[in-house]
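Report on the following structure.
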Amino acid sequence: MNGSLNESGDYTGTLPADCVGLRLDAALARMFPEHSRSRLQGWLKDGLIRVDGAAADAKRKVLGGERIEFAAVPPAPTFSAAAEDIALPIVFEDDDLIVIDKPAGLVVHPGNGNPSGTLMNALLHHAPALAFVPRAGIVHRLDKETSGLLVVAKTLAAQTDLVRQLQARTVKRHYLALALGQVERDGSVDAPIGRHPVQRIKMAVVHGSRGKEARTHYHVLERFERATLLECRLETGRTHQIRVHLASIGHPLAGDPVYGKTKSGDARLDAFHRQALHAWRLALRHPAGGAEMAWESPLPEDFAALLEALRHG
């Protein structure tokens, strides 16, 4: 790095000669790989990064030697979400990460119908500095009624690293899913997912430009008379991916109110109050140092009780 950081993390320095001819945003991304290019573009647009003492356009070409000044931590964004004292089941926390075992029923982000009482509200209370991180550090979601492990970045650098890991598909996410019917063998579903063309609150397998690449691998763990317990591994992370993919092959999740309305013929399955889906294992590379880390979460009581009931006929 051709410059210096002060105690607050503010940077002052010059653009090196090997950046000559690059766009300014590309040069900054090379100098500061801990920040995404889009984030640096936003800071340039907001005037938080100054070049030779003035605001600068991200597209300008670098001549070499320009003086760069910026604050590593910009002013906190304005959240519509307020900090709320909500219990968080934390399984791991350090200076960079929080890993949470999310209970079913907890919404991740505030939105229509859920303006408060969400994971984001709880995070802002637990770690107020997350107000400085976009989306309070949340880099991936679980549906409201899906339980299990979810990772949150506590710093901008950690968030950038985790997003890149997700994009590179090196974050390993394993789920336990109780699918209706007899799944005969292990397999994969490779089918694009997009917004349902008619029912806009739903997702669907959608081919063509409206669908995004989606791939789910599943492994049979246990069979019951009218259902199959699967371990599912996500290769991509589309909204409702496992729910949509399993429904598309005729095996919707037990209890799924959106994609699994088919009656199974077993009152215990049909009465289950949520989709039977649990994010049981999460593995990733730690953003600081690169150590491989993994966590596991036991099945919640309602899911475990349903399986025990099915095992005993």
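Results, tabulated for the structure shown:
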read-out: Binned Cα-Cα distance frequencies in region 172-311 - 5 Å width, integer %; value: 2, 10, 19, 21, 19, 14, 9, 5, 2, 0, 0
read-out: His273/Ser209 FRET efficiency (R0 35 Å; Cβ-Cβ; nearest 0.05); value: 0.40
read-out: Cross-link partners of Lys263 among aspartates and glutamates (Cα-Cα below 18 Å; sequence separation of 8 or more within a chain); value: Glu225
read-out: Residue order, fewest to most beta carbons within 10 Å, for Ile201, Ile249, Ile68; value: Ile201, Ile249, Ile68
read-out: Rel. contact order, % - alpha carbon contacts under 8 angstrom, at least six apart, the chain; value: 13 percent
read-out: Aspartates and glutamates with Cα under 20 Å of Lys61, excluding same-chain neighbours fewer than 8 positions away; value: Asp18, Asp25, Asp46, Asp52, Glu69
read-out: Measure of compaction for region 3-70 (Cα Rg per 2.2 N^0.38 Å); value: 0.98
read-out: Å³ per residue enclosed by the Cα convex hull of the chain; value: 156 Å³
read-out: Stokes-Einstein D (µm²/s) once Rh is taken as the Kirkwood radius of region 90-168 over alpha-carbon pairs, at 37 °C in 0.692 mPa s; value: 259 µm²/s
read-out: Entries of Lys59/Lys102; Lys144/Lys172; Lys45/Lys154 with Cα pairs more than 32 Å apart; value: Lys59/Lys102
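The numbers here are math on the coordinates, done by the rules we state, and not lab data. All figures in this text were calculated on a predicted structure; none of them were measured in a lab. Quick reminder, even Gly has a Cβ in these numbers, built from the backbone with ideal geometry, and neighbours come from all protein chains shown.
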